[in-house]
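The values are calculated or read from the model by the stated rules, or taken from the named source; none is laboratory data. This one's a predicted model, so the numbers in the text were calculated from it and none came from an experiment. So basically every Cβ, Gly included, is an ideal-geometry build from the backbone, and we count neighbours across all protein chains shown.
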Amino acid sequence: MSYNPLAAECKAQRAKIARMTAEYKSVQEDIEWHAQFIPERARRSLRREAEKIASLEKDRQDLKERIANSKLEQQDADNRAKLGWNPAGWMSPGRREAKTLSKKARRTVEYREGELAKLERSLRSHNKKRRVAVAEIARHEGIDPPSLKRLLREIGANLTLEEISLEDLEQRRKRVDDLLKEPLGVLEGLEAAAVQVRGDLAAAQLLESQLTAAANSYERKMLHEQCSQWFTEGSPRAVISAKNRKLRSLERDIIKTQSRLDQIGRQASRDVRAVVVDGSNLCFEGSTFIGLSALRPLVVRLADTRAVTVVFDASIRRRLSASDEDLRARLPGATVHVVAHRRKADETILDSAADPRVFVISNDRFSEFADKLAVKDDRIIRHEIINGRVLVHDLAISESFVTPG
């Protein structure tokens, strides 16, 4: 099972590029074929084939008539060669002559039918050549080289863009694979341990069933000793109880680890091209107002790799005693927007993130805006501010900051 959603995307992208490459080659072949094709030569060939077919069809008709005549001659000779009722005619010269004529007519029919078969094979071959010539002429007439050349350039340009997109996808997939590597190792260890415990459990259950069926105390003693050798515990029932507890614990850990892998894969594979930051939200550590202390280093880090927009409530001007220009100067690399007086920033933040590759950084639940795309698509990224650090786990960000005393 793959926990990296980008693996499937890479596979689909490679298939798309393969289809586009095949289309590119097909168009290229059409252009080259059209340039090399000589229509007049094909038309001369078509005329020759038509003439040859007409001649062959006439020969076929003549041959069929000769075969029919030969069959009539054979039938007549066969009738005359029959024994009849009069024994005197059985050895007559007329009957011997009829038998000779019948054999000759039969050989003639067989020969002519062989010739007819050859002629029909030749006719099929020439008909095929005629159909090919007709199809090639139609293909040539249906090709518009300037249009195909434009199409070839268009496919080539799009193919280049798709290949660049695949390179980006592969890099992102590798980054996600790197993040998944360690927890995948943990999962493999847990699953291997669970297999071992299930084996131990089956062995202990077998001992318990044998113990129940034991005929005497000696057999029971030997089974307890065998249990001690295998598990350092003489009671199969006690082993079964311990192994069941261990297995339940491992299964819980496996489920938790799988859930963590799902979360890592889902979050790390996000294509975050731009972020809209809930500026006012990030000015608080819990209920304590800390101004831009955490927001500034976060914006600097975000702006290294993506477009950043910071949206504030209008109250930020009063809280920081700062103008909009002061805010922009203190948050370099970001587009800063302060909403109108008496308006909440929430709707502006969400509307600014309508694009599927734009995410919102905020701890607001936006429950009253369930219709907004960023909320519907789960493109809200949470943050934490704790012990002098601002953390955005989904983006693997951990930046320190200092709160002014």
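Points to keep in mind about this one:
- Inside segment 1-32, residues that are in a helix (DSSP H, G or I) and touching a residue at least 40 places away in the same chain (Cβ under 8 Å) make up a count of 17.
- Residue that is nearest to the chain's Cα centre (by Cα), among those in segment 175-190 that are of a type outside the set (A, V, I, L, M, F, W, C) and buried (at least 16 other Cβ atoms within 10 Å of the Cβ): D177
- Here Q196 passes the criteria (1) in the same structural domain as K246 (by TED's automatic domain parsing); (2) within 16 Å of N4 (Cβ to Cβ) except the one numbered (2).
- Checking D76 against (1) more than 30 Å from F37 (Cα to Cα); (2) surrounded by 11 or more Cβ atoms within 10 Å (Cβ to Cβ); (3) at pLDDT 90 or above; (4) of a type in the set (D, E), the condition it does not meet: (3)
Here's the yes/no breakdown for (1) closer than 23 Å to E285 by Cα; (2) under 34 Å from the mean Cα position of the chain (by Cα); (3) surrounded by 13 or more Cβ atoms within 10 Å (Cβ to Cβ); (4) at pLDDT 95 or above:
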residue: A334; (1), (2), (3), (4): yes, no, yes, yes
residue: H337; (1), (2), (3), (4): yes, no, yes, yes
residue: R342; (1), (2), (3), (4): no, no, no, no
residue: L350; (1), (2), (3), (4): yes, yes, yes, yes
residue: D364; (1), (2), (3), (4): yes, no, yes, no
residue: D377; (1), (2), (3), (4): no, yes, no, no
residue: G388; (1), (2), (3), (4): yes, no, yes, no
residue: F401; (1), (2), (3), (4): yes, no, yes, no
residue: G405; (1), (2), (3), (4): yes, no, no, no
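- Test: residue in segment 263-279 that is in a helix (DSSP H, G or I), modelled with pLDDT of 95 or more and buried (at least 16 other Cβ atoms within 10 Å of the Cβ): no
- Unmet criterion (only one of (1) touching a residue at least 60 places away in the same chain (Cβ under 8 Å); (2) within 26 Å of A22 (Cα to Cα); (3) not hydroxyl-bearing (S, T, Y)) for P183: (2)
- From the options L282, L327, residue that is outside any loop (DSSP other than H, G, I, E, B), buried (at least 18 other Cβ atoms within 10 Å of the Cβ), touching a residue at least 60 places away in the same chain (Cβ under 8 Å) and not charged (D, E, K, R): L282
- Criterion: in contact with a helix residue (DSSP H, G or I) (Cβ under 6 Å, 6 or more places away or on another chain), assigned to a helix (DSSP H, G or I) and either modelled with pLDDT under 95 or surrounded by fewer than 16 Cβ atoms within 10 Å (Cβ to Cβ) (or both) - qualifying residue of R198, R172: R172
- Restricting attention to segment 187-229, the residues that are basic (K, R) and over 21 Å from T257 (Cβ atoms) add up to 2.
- Test: residue in segment 113-129 that is assigned by TED's automatic domain parsing to the domain that holds E65, over 30 Å from S70 (Cα atoms) and of a type in the set (G, A, S): no
- Count of residues meeting criterion [under 24 Å from R301 (Cβ atoms), of a type in the set (G, A, S) and free of Cβ contacts under 8 Å to residues at least 12 places away in the same chain] in segment 360-404: 1
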